[in-house]
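The values are calculated or read from the model by the stated rules, or taken from the named source; none is laboratory data. For clarity, every value in this text was computed on a predicted model and none was experimentally measured. Quick reminder, even Gly has a Cβ in these numbers, built from the backbone with ideal geometry, and neighbours come from all protein chains shown. For accessibility, only protein heavy atoms count, side chains too; no ligands or nucleic acids. Shrake-Rupley method; radii C 1.70, N 1.55, O 1.52, S 1.80 Å.
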Amino acid sequence: MKIITWNCNGAFRKKFENITDLNADIYIIQECENPSESKDKKYQEWAENYIWIGDNKNKGLAIFAKPEIKLEKLNWSNQFKDHSVKHFLPCKINMDFNLLAVWTHRNNSPNFGYIGQLWKYLQVNKDKLNESIIAGDFNSNTIWDEWDRWWNHSDVVKEFKEIGIESFYHKFTGELHGKETTPTLHFQKKSTRPYHIDYIFGTQKFTDKIIKFEIGQFDKWIKISDHMPIMCEIEQ
């Protein structure tokens with residue numbers, strides 16, 4: 001099974017043909033339009049099997065899959081105490097495993113923005129993540145850890161590891177969090193401002209079966225997005 005996650009930087013209706021050439025079984029796309037409300041016929045036809053969420057029709061989070069793959073949206077809670085977090089899209093793949101698509105936001109939360117949103121989501125849904133894949137734009141890295149908080153990137157990585165979930169990139173390369181040599185984002189599309197903020201995590205069921213793991217190259221993708229697609233292939 002081939003899985004791709006990519007923040008398309010908007011206007012996915014004009015870009016989907018670039019990513020479909022990679023022939024993945026599942027695409028997790030951030031900042032894409034809702035196909036059901038798009039006027040682009042080609043985009044609608046391509047998006048025949050998908051789940052989408054978002055605050056407005058022009059920019060949301062989606063899981064697209066080949067027609068033969070069954071997607072079942074799961075009703076996991078977004079509510080942590082009095083705060084509703086976003087964006088998280090859980091689904092069941094072929095009645096076999098759970099896939100959690102992620103696109104973290106600041107979400108009007110000065111203290112718990114981005115990785116804090118994922119930390120909160122993890123607290124209320126941790127028990128559902130057995131045999132799961134978590135993938136998307138985390139907007140986070142260990143390099144931005146702060147000493148006086150308990151929801152840093154490193155804290156989330158630690159909590160994941162406690163339930164048997166690890167980053168595919170770090171498992172595959174042996175690199176440490178915060179020491180990544182391959183960026184997934186070039187801020188403001190500048191090659192001089194590289195960061196690693198997009199991830200695919202999963203349980204041992206998947207990490208033990210990684211056949212291939214790649215991050216898109218700057219020269220190929222930078223004209224259409226500041227994020228590079230992440231591609232992994234897992235033996236079934």
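Measuring from label point to label point, each 7 Å out along Cα→Cβ, what is the Asp21 to Lys57 span in nm?
Between Asp21 and Lys57, the simple spin-label model gives 3.0 nm.
Find how many whole Å separate the alpha carbon centroid of the range 194-209 from the alpha carbon centroid of the range 130-169.
Value for the Cα centre distance between the two parts: 10 Å.
Where the accessible area of the range 1-137 is counted over protein heavy atoms with a 1.4 Å probe, how much of it, in %, is carbon and sulfur?
For the range 1-137, the apolar C and S fraction of the accessible surface comes to 40 percent.
With a ≥ b ≥ c the root eigenvalues of the C-alpha gyration tensor of the range 1-90, is it rounded (a/c under 1.5), prolate (a/b larger than b/c) or oblate?
Verdict is prolate for the range 1-90.
Assuming a ≥ b ≥ c are the square roots of the Cα gyration tensor eigenvalues, decide whether the range 46-128 counts as rounded (a/c under 1.5), prolate (otherwise, with a/b larger than b/c) or oblate.
Oblate is the answer for the range 46-128, as a/c is 1.5 or above yet b/c matches or exceeds a/b.
Restrict the search to the range 67-159; then list the GluC sites (Glu not before Pro) that DSSP places in a loop and that have at most 12 other Cβ atoms within 10 Å of their Cβ.
Those that pass, being in a loop and sparsely packed, are Glu68, Glu146.
How high is the relative contact order of the chain? Use alpha-carbon pairs under 8 Å, at least six apart in sequence, and give a whole percent.
Values: 494 pairs, mean separation 43.9, N = 236.
Relative contact order for the chain comes out at 19 percent.
Charges only on Cβ, +1 for Lys and Arg, -1 for Asp and Glu: so what's the dipole of the range 1-73 about the Cα centre, in debye to the nearest 20?
120 debye
What translational diffusion coefficient, to the nearest whole µm²/s, does the range 102-185 have by Stokes-Einstein, given a Kirkwood radius computed over alpha-carbon pairs, a temperature of 4 °C and 1.567 mPa s viscosity?
Taking Rh from Cα pairs, D becomes 96 µm²/s.
Explain nothing, just the number: dipole magnitude of the range 104-147 about its Cα centre with +1 on each Lys and Arg Cβ and -1 on each Asp and Glu Cβ, in debye rounded to the nearest 20.
Values: 4 positive and 5 negative charges, 33 e Å.
With Lys and Arg at +1 and Asp and Glu at -1, about 160 debye.
Computed FRET efficiency, Cβ-Cβ of Lys66 and Glu159, R0 35 Å: what is it to the nearest 0.05?
The pair Lys66/Glu159 has a calculated efficiency of 0.60.
Would you kindly derive the ³J(HN,Hα) couplings of the range 143-149 from the backbone phi angles with the Karplus curve 6.51 cos²θ - 1.76 cosθ + 1.60 (θ = phi - 60°), listing them in order in whole Hz, with x for Gly and Pro?
Along the range 143-149, the couplings run 4, 9, 4, 10, 5, 9, 9 Hz.
Calculated from DSSP H runs of 4 or more alone, at -39500 (n - 2.57) each and per residue, what is the 222 nm mean residue ellipticity of the chain, nearest 500?
Working: 7 runs with 46 residues, N = 236.
Result for the chain: -4500 deg cm²/dmol, rounded to the nearest 500.
Would you mind giving the average projected area, over all directions, of the Cα convex hull of the chain in nm² with one decimal?
Averaging across all directions leaves 12.4 nm² for the Cα convex hull.
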